[in-house]
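Remarks on the structure that follows.
The values are calculated or read from the model by the stated rules, or taken from the named source; none is laboratory data. Quick caveat, the model's predicted, so the values are computed rather than measured. Quick reminder, even Gly has a Cβ in these numbers, built from the backbone with ideal geometry, and neighbours come from all protein chains shown.
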Amino acid sequence: MSKEFLKTKIGLEIHVQLATKSKMFCGCDNNAEGKEPNSMVCPVCMGLPGSLPVANKQAVLFTLKTGIVLNCKISKISKFDRKHYFYPDLPKGYQISQYDEPFCVGGYVDVTDGRINLTRIHLEEDAGKLTHSNGSSLVDLNRAGTPLMEIVSDPDITSPKQAGEFLRKLQKIVRDVARVSEASMEKGHLRCDANISVSDDKGVMSQIVELKNINSFRFVEKALEIEEARLKDEYPNWPEDGKKVTRGYDSKKNTTFVQRTKEEAADYRYFPEPDLPPFDTSCFDLESLRQDIGSSEEDVIAELLKIGITETDSVVLANDLNKLLFFRKISDFYEDNAYVARAVVHNYLGFSIVEDDYVLSAEYAQGLKKLKEGAITKSLLAEIAVLIHDKKCTYQAALEMKGGGVVNDEAELGSMIDLILEKFPAEVLSYKSGKTQLLGFFMGQVMREAKGKADPKAVNRMVLDKLK
Ligand code: ZN
Ligand code: MN
């Protein structure tokens, strides 16, 4: 019997591991690849009593940015909640997740033959890992506390094939457009749970089958195909209680099997996380997140090339969000794009600028300008930049704290050079008899005399002059 009148409904929940430096609520390294088990842990991610979580700002920004890319509404107020369940790899006995006030609501992804609406995007922490061997179970908490962004779709997907297309598209978006995750399925950065049900033309619905933690696009499609066929086969003998069931997928046998009946939200005893205050997302600079997206890496590179930046520097900037944003901030104040790009790529300021520094962009721009003009040396710039950063002061104030800029007063430099030449008569003689590589030696001596504050171009010219 043909069962064409049976309609399939699929919804997906995708967990995306965010590529932040540290974990979601502590300072532990977020990249545990290849590390000793339980070597990347601290009291917070081990769930020790009395430890307190601090939310990772980058993870929050990554989530908001993904929400912007996926056309979501960004919630003005958002908060974390505790989701209680017991598992040996979850030492706290609850997961910090988000219940009724996720960061992003709604949104959509367009696929070939339709639009898949999104329910929400929320942020949570991952659990650890269990390894079962020889009848015992080993717990590794390196992964515990890793930031996970969970993207939940409405049950708008109408076939296993469309689910596959949606997933592939989403992977590209988080990896290449929002650039918030490596999104490698093999490494488990992207994990997918799928819900599937089938209804007849009178609206009678089958059970909802949830397929958990499937780690490849192909397996998601296959497992959904198996369930779709099974539910259609069972029709009209569907169980009436309509409860959700969880099934796993065995990729070796290409079959699914019953795992457990699913908890309802009430079973998790959600309540607001008391150790983390709610967020007011209007405190974040959503505009600069917005500016950074909507363009693929290729688009960013093309745009940078167009404003005169070298190809090498363009590639570096396009691959480093922090540097790219900083370049954009500085070049608002100093229009020599190629030079500013090189300075940011090669870290002329001597440290990596973060978002808190953006308000000081004009001061850093001034420093770079002075370096290019030869008014300060590179090492002095680095010292000044650290002062600007630490003291939140102007370029001028930092320069004065460092005792002023370079000496390029001819008389002052001249007497310093005379002093050095008098101090090293033998070297002067050998220079004059042809050992011209000694120029560097004299330069070095003068710079040391001037405590690094002499203008190297002027010194070079004057030393050459005096040795004639
Ligand atoms: Zn930790
Ligand atoms: Mn989750």
Under 7 Å by Cβ, and 6 or more places apart or on different chains, what pairs join a residue from the range 99-127 that is of a type in the set (D, E, K, R) with one that is more than 14 Å from ligand 2 (Cβ to nearest atom) and part of a strand (DSSP E or B)? E101/I77; E101/S78; R115/Y108; R120/C104; R120/V105
Please tell me if D200 is modelled with pLDDT of 90 or more, more than 16 Å from ligand 2 (Cβ to nearest atom) and more than 27 Å from the chain's Cα centre (by Cα). yes
Answer yes if at least one residue in the range 62-74 is within 16 Å of ligand 2 (Cβ to nearest atom), aliphatic (A, V, I, L, M), outside any loop (DSSP other than H, G, I, E, B) and within 22 Å of the chain's Cα centre (by Cα), and no otherwise. no
From the residues in the range 46-61 that are within 26 Å of F284 (Cα to Cα) and part of a loop (DSSP other than H, G, I, E, B), which one is farthest from ligand 1 (Cβ to nearest atom)? A55
Which one of these is within 24 Å of M24 (Cα to Cα), modelled with pLDDT under 90 and not charged (D, E, K, R): N213, N254? N213
Return a yes/no flag: does the range 36-44 have any residue that is in a loop (DSSP other than H, G, I, E, B), within 16 Å of ligand 2 (Cβ to nearest atom) and at pLDDT 95 or above. no
Quick one: count up the residues across the range 22-61 that are hydroxyl-bearing (S, T, Y) and over 13 Å from L141 (Cα atoms). 2
With respect to V16, determine if the residue is in contact (Cβ under 8 Å) with a residue 40 or more places away in the chain and farther than 24 Å from C283 by Cα. yes
When you look at C72, is it under 24 Å from S153 (Cα atoms), touching a strand residue (DSSP E or B) at 6+ places or on another chain (Cβ under 9 Å) and crowded, with 21+ Cβ neighbours inside 10 Å, yes or no? yes
The condition from (1) farther than 18 Å from E150 by Cβ; (2) in contact (Cβ under 8 Å) with a residue 40 or more places away in the chain that K187 misses is numbered (1)
Check I376, I388, I353, I330 and return the single one that is surrounded by 15 or more Cβ atoms within 10 Å (Cβ to Cβ), in contact (Cβ under 8 Å) with a residue 12 or more places away in the chain and under 17 Å from A450 (Cβ atoms). I376
Count, please, the residues in the range 305-332 that happen to be closer than 23 Å to I173 by Cα and either part of a loop (DSSP other than H, G, I, E, B) or more than 21 Å from the chain's Cα centre (by Cα) (or both). 2
Can you name the strands (runs of 3 or more DSSP E) wholly within the range 99-170 that have at least 3 residues being within 16 Å of ligand 2 (Cβ to nearest atom), surrounded by 21 or more Cβ atoms within 10 Å (Cβ to Cβ) and among the hydrophobic types (A, V, I, L, M, F, W, C)? 114-125, 147-153
Exactly one condition in (1) under 20 Å from the mean Cα position of the chain (by Cα); (2) over 28 Å from D110 (Cα atoms); (3) surrounded by 20 or more Cβ atoms within 10 Å (Cβ to Cβ) is not met by K21; state its number. (3)
Test: D336 is among the charged types (D, E, K, R) and at pLDDT 90 or above: yes
Take the residues in the range 75-90 that are over 12 Å from E273 (Cβ atoms) and surrounded by 19 or more Cβ atoms within 10 Å (Cβ to Cβ); name whichever of them is nearest to ligand 2 (Cβ to nearest atom). L90
If we keep just the residues of the range 1-34 that are assigned to a loop (DSSP other than H, G, I, E, B), among the basic types (K, R) and touching a strand residue (DSSP E or B) at 6+ places or on another chain (Cβ under 8 Å), which is farthest from ligand 2 (Cβ to nearest atom)? K21
